[in-house]
Amino acid sequence: MAPPAGTFPQPKRLGDNTPSLYRGTATDCAHGEGGAPVRHSPVTLPAVDQPAPELTQRHLLYALVGAGLLLAVGVLVFASNLVAPLWAVILLIGVWVAAVVASVVTWRHKPWMPLLAALGVAAAWMALISFGGAVLDWRA
């Protein structure tokens, strides 16, 4: 007789000499003093995917304006090698890439994220280039 659809068949039990993998549950696989199984509470996993909210015109506006600003700031970041040394340009590119990834991943749930990321990267770029010009004597 076949198991009902959507269920998995249980492993066959061979008797008392069956390996411990087939006896008990996943919650009592650890052993304490004297070989007695230690019971743990079952693990509860959080929900992996929350349904995305319905896209509104505001979502799309924020996303498109934020993406445009991120692209504009990206041009500034990649052109920074005219003023800044290589280590500073690599640092800025890393910050910019992290902001782009965060924006792409979260824009449906947080439509303001691309705008915030673009402004944050622009502020970091301005601060680093200004600091380098004033204190570290970076010249074009």
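The values are calculated or read from the model by the stated rules, or taken from the named source; none is laboratory data. These figures come from a predicted structure and were not determined experimentally. Note that we place each Cβ from the backbone using ideal geometry, even for glycine, and neighbour counts take in every protein chain shown.
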task = Could you check His109 against (1) part of a helix (DSSP H, G or I); (2) out of contact with any helix residue (DSSP H, G or I) (no Cβ under 7 Å at 6 or more places or on another chain) and say which number it fails?
result = (1)
inquiry  = Being modelled with pLDDT of 65 or more and under 30 Å from Arg139 (Cβ atoms) is the requirement here; does Leu60 meet it?
reply    = no
key: Members of region 75-102 that are part of a helix (DSSP H, G or I) and touching a residue at least 40 places away in the same chain (Cβ under 8 Å)   = Leu76, Val77, Ser80, Leu82, Ala88
query = Does any residue in region 115-140 that is touching a residue at least 24 places away in the same chain (Cβ under 8 Å) and of a type in the set (A, V, I, L, M, F, W, C) come within less than 6 Å, Cβ to Cβ, of a residue that is outside any loop (DSSP other than H, G, I, E, B) and loosely packed, with under 12 Cβ neighbours inside 10 Å six or more places away or on a different chain, and which pairs are these?
reply = Ala140/Leu82
ask   = So which residues in region 86-117 are among the small types (Gly, Ala, Ser), closer than 24 Å to Glu54 by Cβ and over 14 Å from the mean Cα position of the chain (by Cα)?
value = Ala117
Subset tally (residues that are farther than 12 Å from Gly66 by Cα and touching a Phe, Trp or Tyr at 6+ places or on another chain (Cβ under 9 Å)) for region 92-109 = 4
Single residue of Leu115, Leu91, Leu86 found to be of a type in the set (A, V, I, L, M) and exposed (fewer than 12 other Cβ atoms within 10 Å of the Cβ) = Leu86
